[in-house]
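Written out below as structure tokens is the structure these notes cover.
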Amino acid sequence: MTDFSILLRLGYIYLKRESIEDAYTVLSRACSINSKSSLAWIGLAVASLSLDRPEEAETSLRMANILDPINSEIIGYTILLTLRDPRKIDLSL
């Protein structure tokens with residue numbers, strides 16, 4: 001098991017347990033280790049949304065969408081982000 005996979009699992013455990021700050025920290029580190037993981041970017045977007053950081057969530061969702069453009073979870077969170085702040089979000093992911 002690699003450091004990245006441990007961080008990814010730990011980040012999702014923190015999300016599930018609602019330790020959002022911890023999840024954000026761990027998933028940010030996971031993204032910096034492996035920037036080609038859509039799962040890490042999705043997790044970071046979820047943490048960012050939970051911490052009311054819409055700009056960071058948008059950036060994370062854009063990265064996830066680039067890596068996996070047909071993932072329905074990414075599309076769902078993009079819609080959620082748009083509903084939370086419809087005046088700013090550019091839907092042309």
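The values are calculated or read from the model by the stated rules, or taken from the named source; none is laboratory data. What you see is a predicted model; the values in this text were computed from it and never measured. Please note: Cβ atoms are built from the backbone with ideal geometry, for glycine as well, and neighbour counts cover all protein chains shown. What goes into the accessible areas is simple: the full protein's heavy atoms, side chains included, and nothing from ligands, DNA or RNA. Shrake-Rupley method; radii C 1.70, N 1.55, O 1.52, S 1.80 Å.
Taking into account only those residues within region 64-93 that are of a type in the set (S, T, N, Q) and loosely packed, with under 14 Cβ neighbours inside 10 Å, which is modelled with the highest pLDDT?
72
Counting only residues that are among the polar types (S, T, N, Q), give me the helices (runs of 4 or more DSSP H) lying completely in the chain with at least 2 of them.
Because the criterion is at least 2 residues that are among the polar types (S, T, N, Q), the helices (runs of 4 or more DSSP H) in the chain that meet it are 20-33, 38-50, 54-67, 72-84.
Against the condition more than 21 Å from residue 80 (Cα to Cα) and either of a type in the set (Ser, Thr, Tyr) or over 12 Å from the mean Cα position of the chain (by Cα) (or both), how does residue 32 come out, does it pass?
Yes.
Please state which one of 61, 51 is without any contact (Cβ under 8 Å) to a residue 60 or more places away in the chain and open to solvent by less than 30 Å² (accessible area, probe 1.4 Å).
The unique qualifying residue is 61.
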